[in-house]
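Below is one structure, written out as structure tokens; comments come after it.
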Amino acid sequence: MPEAHHLEARRQSLILQASVDLGRRIVGLCCDALLAVTYPHGCVLCGASVEARADWPACAECWDAAPIFAVDDALCTKCGVKLQGQNVGWCRHCSAEEFTAARAVGLYDGALRAAVLELKSAPKLGARLAELLVAVARREPLCHATRVVPVPLHAERQRERGFNQAAVIARAIGKRLALPVDETSLVRPVHTAAHRSLMDAHARRTSVEKAFAVVAPRLVHRERILLVDDVLTTGATASAAARALLDAGAEVVHVLTIARAAFSAR
Ligand SMILES: [Zn+2]
Ligand SMILES: [Zn+2]
């Protein structure tokens, strides 16, 4: 009788284990299917369903069509703009930029533009985009970074938005590269004008020039900083933030963004 009891207990335990395994498999299969419920609008560009969570906010086809720089594209060694025509190595427009070098995953268009805009309303970064960023960070000249620093928002701006999109990117990259993410050393005590699109490049540059400060210089001293932001447009913001970090003793400041403008602003 104890033997029969033991066998019955064993049988029930196996049934239980099998149903737990089955449950896990169903949950796994349902996760991507649930995407349709979580993201009812599908791909933000074409409306097709986004079949893998990693691809959010665009579908696989829109990612395939995204203006992502290829490894062998000729980029300006300093600002990372895609070079046209006869310029070799340097675009000739970025000598005044304060950062050591800047690189982006690609141009501000298609899935990359969609991802930048989406990141302004929700603090999450799809795994596909995170991996694209990490691939750029692992290439020269960014691959020697020792510390990841997001471009900070002014406190008031961050309160309005609820989060800093650059910090969301910095955390995703820092985790994958196993680098420390420093969200406190660089601050933005000066609130720059909200309607920046109404200003010309020069006014924008002047308004942001003194916007940044380093509150913990010993944390950035002699560090090779990977300065992270969502998009590089005129380069004025990245330049001003880089100046503050270099003045505080950083060895180099490399800028990494999701996207960049097609041309240098000056
Ligand atoms: Zn699409
Ligand atoms: Zn350049």
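Could you derive backbone 3J(HN,Hα) for the stretch 239-244 from the dihedral phi with the Karplus parameters 6.51, -1.76 and 1.60 (θ = phi - 60°), listing whole Hz in sequence and x where the residue is Gly or Pro?
5, 5, 5, 5, 4, 4
Where does each of ASP72, ASP230, ASP55, ASP200 land when they are ranked from fewest to most other beta-carbon atoms within 10 angstrom?
Placing the least packed residue first, the sequence is ASP72, ASP200, ASP55, ASP230.
To the nearest 0.05, how large is the calculated FRET efficiency for HIS202 and ALA262 if R₀ is 22 Å and r is the Cβ-Cβ distance?
So, using R0 = 22 Å, E works out to roughly 0.65.
Write down the Å³ per residue value for the convex hull defined by the alpha carbon atoms of the stretch 40-154. All intermediate terms of the calculation are to be shown ahead of the outcome.
On the way: hull volume 15.3 nm³, N = 115.
So the per-residue Cα hull volume is 133 Å³.
For the residues THR206, THR237, THR257, what sequence is obtained by ranking on other C-beta atoms within 10 Å, fewest first?
THR206, THR237, THR257
Rounded, prolate or oblate, given the Cα gyration tensor of the stretch 91-195, with a/c below 1.5 counting as rounded? It would help to have the intermediate numbers written out before the result.
Details: a/c = 1.29, a/b = 1.18, b/c = 1.10.
Verdict is rounded for the stretch 91-195.
Rounded to whole Å and sorted largest first, list the principal axis extents of the Cα atoms in the stretch 68-260.
Computed over the Cα atoms, the extents are 43, 36, 35 Å.
By DSSP, what percent of the beta bridges with both residues in the stretch 109-266 are antiparallel, rounded to the nearest 5?
15 percent
Here, each number is a calculation from the coordinates, and none is a lab measurement. Please read these numbers as outputs of a predicted model, since none were measured by experiment. So basically every Cβ, Gly included, is an ideal-geometry build from the backbone, and we count neighbours across all protein chains shown.
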